[in-house]
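Beneath this line is the structure, given in structure tokens, with notes to follow.
The values are calculated or read from the model by the stated rules, or taken from the named source; none is laboratory data. What you see is a predicted model, and the numbers here were worked out from it, not measured in a lab. Positions of Cβ are generated from backbone atoms using ideal geometry, with glycine treated the same way; all protein chains shown enter the neighbour counts. These accessible areas exclude ligands, DNA and RNA; they are computed on the full protein's heavy atoms, side chains included. Shrake-Rupley method; radii C 1.70, N 1.55, O 1.52, S 1.80 Å.
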Amino acid sequence: MSTDTASGEGFSDTETMTVREAIRQALREELERDEDVYVMGEDVGTFGGVLGVTGDLVEQFGETRVRDTPISEAGFTGAAVGAAATGTRPVVEIMFSDFMGVCSEQILNQMAKNRYMFGGKTEMPVTIRTTEGGGMGAASQHSGTIHTWFAHLPGIMAVAPGTAHAAKGLTKSAIRSDDPVIIFENKQIYENEGEVPVSEEYTIPLGTASVEREGDDVTVVATQRMVGESLDLAEELAGETSVEVIDLMSLYPMDTDTLLKSVEKTGRLVVADESPLSYGTHAEVVARVQEEGFFSLDAPIQRVGVADTHIPFSPALEEEILPHAEDVRAAIDRVV
Amino acid sequence: MVSIDIETEDGQREILRRMLTIRAFDTKAGELFADGELPGFVHLYIGEEAVGVGAISALEEQDYITSTHRGHGHCIAKGLDTYKMMAELYGKRDGYCNGKGGSMHIADVDAGMLGANGIVGAGPPLATGAALTAQYKGEDKVALAFFGDGAVAQGQVHEGINLAATWDLPAVFVVENNHFGEATAMEDQHNVEHLSATAEAYDIPGFTVDGMDVTAVYEAVKEARERAANGEGPTFIEADTYRYEGHFEGDHQPYRTEEDIDLWKDRDAIETFKNRLVEAGAVTQDEFEEMRDEIEAEIEDHAERAKAADYPDPSEAYEDMFNANVPEINDFAARMRADGGER
């Protein structure tokens, strides 16, 4: 076993790169490592992915291993399920997570259920990568943050990296997993830079959270874009309020122990996740912490997210809807 | 099971045997359901035996199939064990899915049977994926999707076929037109006379064959398999057939009459094929009856053993979700149970 850690501890050799580059490096390394791995999706080949993640991979690996599909999410997601059941390890890109509405049948009833329904005799090594989040003026059908749906669905693992090192480590673990994993990438953080272990052996175990900054007064459990914004906020508040920032990273399974340990220390919790607040990822974190850590809490838990609306087009409206650091700050102020 | 040579007498008898096994298995399953023995829903394949047996007999052992909610016939034609199937119908641990799947979800991936499926149009994209694996790995394997006329109205069927056609994958698509999508007639669900017209849109060969004639189905699939294995891409075959039973057992069938059913029973696939073999001297009427009695006795025995078999332990409900250990499942299970439990 490698000395996997979320922060890359034990892997001293790092490079600064963006989240986009970190994911691409993960894909490249796994394509090189395992012949059974291939990437497919709309425009992932010559075009390099509509958000540029697959980039030049087709040049290195060719069109058999980095393959463009027709615009048919149900067709190619279903094909990935059949392909995974028969001995290959497809990595599917679904351009915008909103489009998962188109192929939900294959995810919901086939990918998630086959192993259990068939008595544990099928492996399902499918990785789905998809993008989430507002902030691009892309309006409601290209801006959703829908990971709660799929994290809620039994039989699927769901991860959502907040940093470049998380993006690389989680992508590699997802591809190596014999279980289906969906990676939810927030498109606003593709340009975020960070230190990333360059070792091919660097992975992050699914089901772990990462303490990205230690603090004593309040815990902020964040996902995706909210991780970086919370880290910047923690820096701003240093000397005034000591903020511990955790990148939740794995939505299912969830690293409850790391959350409980942190709340035991700080006594206060803010959950920041760019998804609708009702019945959401926030609620799952809150439920787990209060079930097992209720007596560690010194104040009510606070949620920061989207106020149960879709994402509007107009920049004036979109900016109003999306959660930001100032919302996290307000939540901290309410409890500290 | 390797492909069967329909030209030989051994092959012909094997084809007859498989059709009889399906008839006996599903007749028994229908009786058990009527007696309140089986939980859940049961969808029988009786009447359609020539399609499953004709098609699968033309495949090679290593080939894959995807099936439907009416999947018992496909399982038997693919060589699955009728005791383990019966045990699955009862929800017993000895079943193919350890009692987790039931009639609608029998699968045996090692045998190339990628699952019966409760979603009518889900199979074609899965078969396309299995064909993709074969092409990707350069293996001599073909994937055949069975689906019903009702499924042809579902979008994912067309997406699966389009992808297989575009990538020249070794796939065969066989629509079993049994003339009803659940309780609605085929002509009220589609505007075309022959569903094989679908093939034209994908620029792949499309045929309609007599699905009551096992030889016709066999020959069409044999040719399609060859084309697929040669890298010439998928074929779309419509087999014109009929289900003698309702959509599900207990269906009161207001949508048709006994007379309608009798018209098809006059062309019964097993009877027709047997008569042809008797005429050719490949089998005698006595041998046929002996074969049938033997099969029925075996199915009877399997049903009795399945009834007597053990149910899974309740704790097995928490197994098989993931290959990896996911702590949530046991933690939550412990909490939900009366005896409690702690992390």
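In the set (1) at pLDDT below 95; (2) open to solvent by 20 Å² or more (accessible area, probe 1.4 Å); (3) more than 14 Å from chain B (Cβ to nearest Cβ), the condition left unmet by residue A:20 is number (1). For region A:79-105, the candidate set comprises residues that are assigned to a loop (DSSP other than H, G, I, E, B) and polar (S, T, N, Q); within that set, the residue that is farthest from residue B:115 (Cα to Cα) is A:88. Pairs meeting the criteria (first residue in region B:156-177 and outside any loop (DSSP other than H, G, I, E, B), second residue open to solvent by 40 Å² or more (accessible area, probe 1.4 Å) and among the acidic types (Asp, Glu), beta carbons under 6 Å, at least 6 apart or on different chains) are B:177/B:240. The set of residues from region A:197-249 being among the hydroxyl-bearing types (Ser, Thr, Tyr) and either more than 20 Å from residue A:187 (Cβ to Cβ) or without any contact (Cβ under 8 Å) to a residue 12 or more places away in the chain (or both) comprises A:199, A:202, A:203, A:208, A:210, A:219, A:241, A:242. Filter region A:29-41 for residues that are outside any strand (DSSP E or B) and open to solvent by less than 10 Å² (accessible area, probe 1.4 Å); which is farthest from the other protein chains (Cβ to nearest Cβ)? Within region A:29-41, the match that is farthest from the other protein chains (Cβ to nearest Cβ) is A:30. Of all the numbered requirements in (1) more than 14 Å from every other protein chain (Cβ to nearest Cβ); (2) farther than 29 Å from residue A:305 by Cβ, residue A:121 misses one, and that requirement is (1). When the residues of region A:250-290 are filtered to those that are touching a residue at least 40 places away in the same chain (Cβ under 8 Å) and of a type in the set (Val, Ile, Thr), which remaining residue is most open to solvent (accessible area, probe 1.4 Å)? Only one residue tops the list, namely A:258. The residue that is farthest from residue A:131 (Cα to Cα), counting only those in region A:43-62 that are open to solvent by less than 10 Å² (accessible area, probe 1.4 Å) and part of a loop (DSSP other than H, G, I, E, B), is A:45. Restricting the search to region B:185-208, which residues are loosely packed, with under 13 Cβ neighbours inside 10 Å and polar (S, T, N, Q)? Answer for region B:185-208, where residues must be loosely packed, with under 13 Cβ neighbours inside 10 Å and polar (S, T, N, Q): just B:191. Scanning region A:69-95 for residues that are more than 7 Å from chain B (Cβ to nearest Cβ) and surrounded by fewer than 21 Cβ atoms within 10 Å (Cβ to Cβ) gives A:71, A:95. Within region B:59-75, one or more residues are modelled with pLDDT of 95 or more, farther than 25 Å from residue A:110 by Cα and out of contact with any His (no Cβ under 8 Å at 6 or more places or on another chain).
Residue A:293 meets each of the listed conditions (1) crowded, with 19+ Cβ neighbours inside 10 Å; (2) outside any helix (DSSP H, G or I) apart from (2). The set of residues from region B:1-57 being open to solvent by 10 Å² or more (accessible area, probe 1.4 Å), out of contact with any Ser or Thr (no Cβ under 8 Å at 6 or more places or on another chain) and not in a helix (DSSP H, G or I) comprises B:1, B:2, B:5, B:7, B:8, B:35, B:36, B:37, B:39.
Being within 14 Å of another protein chain (Cβ to nearest Cβ), within 30 Å of residue A:237 (Cα to Cα), assigned to a loop (DSSP other than H, G, I, E, B) and open to solvent by 10 Å² or more (accessible area, probe 1.4 Å): is that true of residue A:208 here? In short, yes.
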